[in-house]
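Chemist: Below is the structure I would like to discuss, written out as C-alpha cells.
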C-alpha cells in the first residue's frame with residue numbers, strides 16, 4: 001500500500017521552476033529518503049503535499065487522498081523552519097501541542113513524560129525553550145511531531161543542527177518507530193544520513209528526479225569504475241587511470257571508460273607492487289550524487 005503518491009508534480013514561483021514533473025511514491029511502513037542539495041525542491045514538494053503550497057500541476061496524495069483537515073491527526077510534520085514559542089517552558093510547549101492534536105490532559109502528560117525520557121530531556125522539561133541548545137530544541141520539535149502517534153511522519157531535515165550524540169538518539173527513535181509500523185519520509189542534503197537510514201530514496205536536482213529506488217538498485221545502474229586497493233610499494237602512473245586517491249598503503253582508483261582493471265593489476269605487479277587487496281567497485285552513493293546532482297543549473 002502506498003502511504004504517499006506523487007505523480008507528475010510541478011510547481012513554479014513566477015518564472016522560477018521549483019519542481020518539474022516529479023513522480024515517486026512512499027510505501028506503507030518504510031523509511032524513504034528525499035535527497036537533494038539545498039534549494040533542490042525538497043521543501044517545496046513537502047509543502048505542496050501538505051497543501052501549504054498549491055501545486056501547479058500533478059497529483060499529490062496521502063493515503064490515496066488529497067491532504068486536508070481530516071488527515072491532520074494521521075500525520076506528524078517537522079517543518080524546515082522550526083516554530084516553537086521560545087519563552088515557554090519545554091513541558092508547557094509539548095502539552096499545548098498534544099492537546100491541540102486531540103489528546104486528553106492525562107494522555108498528554110503521560111506521553112510527554114515518556115518522550116522526554118526517550119529523548120533524554122526530562123531534566124530540561126521545566127526550562128524555557130530558548131535556554132536549550134539548538135539540538136535540544138530540535139528534539140522538542142520531534143516530540144511534538146510524534147506525540148499523537150501519527151501513522152505517517154514527514155520530517156524536513158530532522159538531523160539538522162544535531163551533535164553526534166543527539167543525532168544517535170533521534171536515529172534510534174525513528175528506527176524504533178519504523179519497527180512499530182510507522183511510515184517515515186525525511187528530507188536531507190546529507191548522503192550519509194540517507195544511506196544509513198533509508199529503505200528507498202529519490203535524488204533530485206533543480207526540481208527534477210535524477211535517481212529513484214533502493215540504494216542498491218541505484219548503484220546497480222552504474223558500471224564499475226573504481227578499484228579499491230591495499231598494497232605495499234610505489235604505484236606507477238598509468239594512462240588507463242583517470243583519477244587516483246592514494247592514502248599510503250590504500251588507494252581508490254577511478255579507471256578510464258575502456259580501460260581493463262585486469263591490465264591495471266598486471267602492470268602494478270610488473271612494477272613490483274605487492275597487492276594485498278584488489279576490489280572492483282561501483283561508485284558510492286556520494287559519488288553518484290555528485291555526478292547527478294553536483295552541478296546546479298545556471
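Throughout, read-outs are computed from the coordinates displayed, never taken from laboratory work. This structure is a prediction, so every number in the text was calculated from the model and none was measured. Cβ coordinates were reconstructed from backbone atoms using ideal geometry, including for glycine residues, and neighbour counts include every protein chain displayed.
Chemist: Taking only the C-alpha atoms, wrap a convex hull around region 1-148 and report its volume per residue in Å³ as a whole number.
Modeler: Numbers: hull volume 19.9 nm³, N = 148.
Hull volume over Cα atoms, normalised by residue count, gives 134 Å³.
Chemist: Quick one: helix 164-179 against the long Cα principal axis of the chain, what's the angle to the nearest 10°, folded into 0 to 90?
Modeler: For helix 164-179, the angle is close to 80 degrees.
Chemist: Which FRET efficiency value, to the nearest 0.05, do you get for residue 54 and residue 271 by plugging their Cβ-Cβ distance into 1/(1 + (r/R0)^6) with R0 = 45 Å? Spell out each step's value before the answer.
Modeler: Working: r = 64 Å, r/R0 = 1.42.
With a Förster radius of 45 Å, E is 0.10.
Chemist: With all distinct Cα pairs included, what does the Kirkwood hydrodynamic radius of region 142-298 come out to in Å, to one decimal, could you say?
Modeler: One decimal place: 18.6 Å for the Kirkwood radius.
Chemist: Along its three principal axes, how long is the chain when you only count alpha carbons? Whole Å, largest extent first please.
Modeler: 77, 47, 35
Chemist: Which of 159, 13 comes first, and how do the rest follow, when ranked by fewest Cβ neighbours within 10 Å?
Modeler: Exposure proxy ranking, most exposed first: 13, 159.
Chemist: In terms of the ratio Rg/(2.2 N^0.38 Å) built on C-alpha atoms, what value belongs to region 223-281? Walk me through the numbers on the way to the answer.
Modeler: On the way: Rg = 10.1 Å, N = 59, 2.2 N^0.38 = 10.4 Å.
Against the compact-globule rule of thumb, the ratio is 0.98.
Chemist: For the residue pair residue 192 and residue 263, what label-to-label distance in nm results when each label sits 7 Å from Cα along the Cα-to-beta-carbon direction?
Modeler: A separation of 3.8 nm, rounded to one decimal place.
Chemist: Zone of residue 89 (label point 7 Å along Cα→Cβ, backbone N under 11 Å): which residues in region 126-140?
Modeler: Only 126-128 fall inside the zone, counting backbone N under 11 Å.
Chemist: To continue, here is another question. Go through 89-95, 283-289 and give me the packing order, highest mean Cβ count within 10 Å leading.
Modeler: 89-95, 283-289
Chemist: Turning to a different aspect of this structure: Over 5 Å intervals from 0, what percent of Cα-Cα pairs in region 193-266 sits in each interval?
Modeler: Taking every Cα pair in region 193-266, the percentages come to 3, 13, 19, 16, 13, 14, 12, 8, 2, 0.
Chemist: With runs of 4+ DSSP H residues as the only contributors, calculate the mean residue ellipticity of the chain at 222 nm using -39,500 (n - 2.57) per run, divided by the residue total and rounded to the nearest 500.
Modeler: After summing the helix terms and dividing by residue count, I get -9500 deg cm²/dmol.
Chemist: Return 45, 173 ranked ascending by Cβ neighbour count within 10 Å, so the fewest neighbours appear first.
Modeler: Values: 45 28, 173 18.
The order, fewest Cβ neighbours first, is 173, 45.
Chemist: Can you tell me the FRET efficiency between residue 128 and residue 172 if r is taken as the Cβ-Cβ distance and R0 is 41 Å, rounded to the nearest 0.05? Walk me through the intermediate numbers first.
Modeler: Details: r = 27 Å, r/R0 = 0.65.
Here the calculated transfer efficiency is 0.95.
Chemist: Report, as a whole number in µm² per second, the diffusion coefficient that Stokes-Einstein gives for region 83-149 at 25 °C and 0.890 mPa s using the Kirkwood radius over alpha carbon pairs. Display every interim value, and only then the final one.
Modeler: Details: Rh = 11.5 Å.
The Stokes-Einstein estimate is 214 µm²/s.
Chemist: What does the extension gain come out to for residue 2 and residue 28, with contour length at 0.36 nm per residue minus their alpha carbon separation?
Modeler: Stretched fully, the residue 2-residue 28 segment lengthens by 8.8 nm.
Chemist: Kindly put 152, 35 in sequence by how many other C-beta atoms sit within 10 Å of each C-beta, fewest to most.
Modeler: The order, fewest Cβ neighbours first, is 152, 35.
Chemist: Given R₀ = 51 Å, what would the calculated FRET efficiency be for residue 114 paired with residue 284, taking r from the Cβ atoms and rounding to 0.05?
Modeler: 0.85
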